[in-house]
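See below for the structure under consideration.
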Amino acid sequence: MEKNSDQYIIERIRNREDDAFKYLQVKFQDSIRLMVLEMGGSQEDAKDVFSEGLVALIRLVDREDFELNCKLGTLVYALCKNTWMLQLEKQAAVRNYHARKLDSADEQDFTEESDQQLFHKIFWESFKKMDKVCQDILGGYLKEISPKEIAEQMGYSYGYVRKRKSMCHGYLMKLIEDHPTYIKIKQTELTLDIE
Amino acid sequence: MERYTDRNRRLADYIYNDLGREEIVEIEREISNDPELSESYQFNMQVKEYLKAKMQLEEMRSDPRLEDAEKLAGLLFDPETHHKEEEIPGSGGPKRNRIRKLAIVVAVAATVAIIVSFGIIPSTISQDKLFDHYYEPYAASDYSQRGASNGIYSDIANGINDYKDGRYSQSIDMFSALASGPDIQPEVQLFTALSYLGLGQYQEAENILEPAVNSNNRYQPESMWYLGLCYLKTGEFEKASTLFGRLEEYDGLYKSDARSLRKKLRRFNQ
């Protein structure tokens, strides 16, 4: 069985090997956190959802009838999404009993805080603005595909892929810095610093 | 790409693990000695880590086998079997304790990783705060009084009551099972959208509310208000601002909140 293949990791989970959980954490935690944030949750929620999702995965692979018929990452995603949906329903039920907050109290907080989701939107929009070659090369690196493999897939030389990757990343950072919302945030921060 | 420099190239190579050992030592020394470069490095890393997570998430969402994964996951999350599935088949006390310990280890590790990976971007989300500040579930009146004897109206009343009690999934199921005739379509649309909103599925809510805001139905102000909040949550600030501007024209419940929210949105609309 190939090391770090999905089936290998499942076996390690069944045997309660710690390295399997570390692997899952390194591999999937960031994307699950992002899913929770995009679906209205907080960092704290994301942490809880990932932990509960892994406990659910343990329960699932312990079943005698369990058979992995999809990617392990997609299964982790589905388990965590279900966990978060259940959590949302509980939160919503509680929220219904709370009275609405009065206006004005949070006004100051709003103007003084930057916005993580706003940054994420800027990053993603800037990435999507790049040409396809840049998206594919950076995308390959981000998926941890080796530069050699990327070069083979795209019909370029290894050296060209390495060089183009750096240029594309530089271009991406410039797109981010030139993004109107990014400029606005920076201006706001500057004003607050002066005050 | 005019600002592309050799140092930026080496920084990109470093970030994407494309440097030799000697070059790594050199750039790490530069980063530790130069606060500006250090800040740039951290920001570059945040961009990279975000994009990495985002691409993986999009891959999971568009995986053709997602349905299979959801079915597998559903074995544990079916509400009727959920309680039973809390027990781990064939396991005793020590195994459960081990799982609890593992969960704690995972939770602690997750916390550390979150703190590390979000060191520089402020953790508070002002757009979320704004949303939380203004969003409250729609205060529906008791619909059952309108026609409890009629099957459809009784179902609508049940769906609305599910919504009012925060049982959003049930509410969606109830409304999706109803044939949406013209006389009940406004209720079906509004409460289905509101239930999606309650579940945090903003895109689904938007898809339903967008046609409703231009349809002149009896819930037009409510549709505008909640669609505006969806846009706020999904970062479509200009659209949100336009809708709140339209709402200011209505002398109703949402006029004052719409004006106040639109003012606050100006920051995002630049």
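Counting, for every residue in A:168-175, the Cβ atoms of other protein chains within 10 Å of its Cβ and taking the mean gives 6.
With the convex hull constructed from alpha-carbon coordinates only, region A:22-86 shows a mean projected area of 4.3 nm² over all directions.
The residues neighbouring A:Asp19, those whose beta-carbon lies less than 11 Å from its own, together hold a net charge of +2 under the Lys/Arg +1, Asp/Glu -1 convention. Between B:Ile24 and B:Ala140, the FRET efficiency from the beta-carbon distance, with R0 = 45 Å, is close to 0.15.
Solvent exposure of region A:127-170 amounts to 52 Å² per residue of accessible area, where only protein heavy atoms count and the probe is 1.4 Å. Peptide B:255-264 has a mean of 1 when you count, residue by residue, the C-beta atoms of other protein chains within 10 Å of its C-beta.
Using a/c under 1.5 as the rounded threshold, could you call region A:15-55 rounded, prolate or oblate? The axes a ≥ b ≥ c are square roots of the C-alpha gyration tensor eigenvalues, and prolate needs a/b larger than b/c, oblate otherwise. Don't skip to the end; give the middle numbers.
Values: a/c = 3.44, a/b = 2.16, b/c = 1.60.
In terms of gyration-tensor shape, prolate.
A protection proxy built from the mean count of other Cβ atoms within 10 Å ranks the segments A:6-19, A:77-90, B:206-219, B:164-177, most packed first, as A:77-90, B:164-177, B:206-219, A:6-19. Chains A and B together bury roughly 9500 Å² of accessible surface, counting both sides and using a 1.4 Å probe on protein heavy atoms. Calculate what fraction, in whole %, of the accessible area of region A:1-101 sits on carbon and sulfur atoms when a 1.4 Å probe is rolled over the protein chains. The computed percentage sits at 47.
Counting only heavy atoms of the protein chains, get the accessible area per residue of region B:159-270 (1.4 Å probe) and round it to a whole Å² value.
For region B:159-270, the solvent-accessible area averages 41 Å² per residue.
The charge dipole of region A:1-82, taken about its Cα centre with unit charges on the Cβ atoms of Lys, Arg (+1), Asp and Glu (-1) only, comes to about 120 debye.
Stretched out straight at 0.36 nm per residue, the stretch from A:Leu68 to A:Lys3 would grow longer than its current Cα-Cα span by 21.8 nm. With both labels modelled 7 Å from their Cα along Cα-to-Cβ, the A:Trp124 to A:Met167 distance reads 2.9 nm.
The values are calculated or read from the model by the stated rules, or taken from the named source; none is laboratory data. All of these numbers come straight from a predicted model, not from anything done at the bench. Because the Cβ atoms are built from the backbone with ideal geometry, glycine has one as well, and the counts that use them run over all protein chains shown. When the accessible area is computed, the model is the full protein with side chains, heavy atoms only, and any ligands, DNA or RNA have been set aside. Shrake-Rupley method; radii C 1.70, N 1.55, O 1.52, S 1.80 Å.
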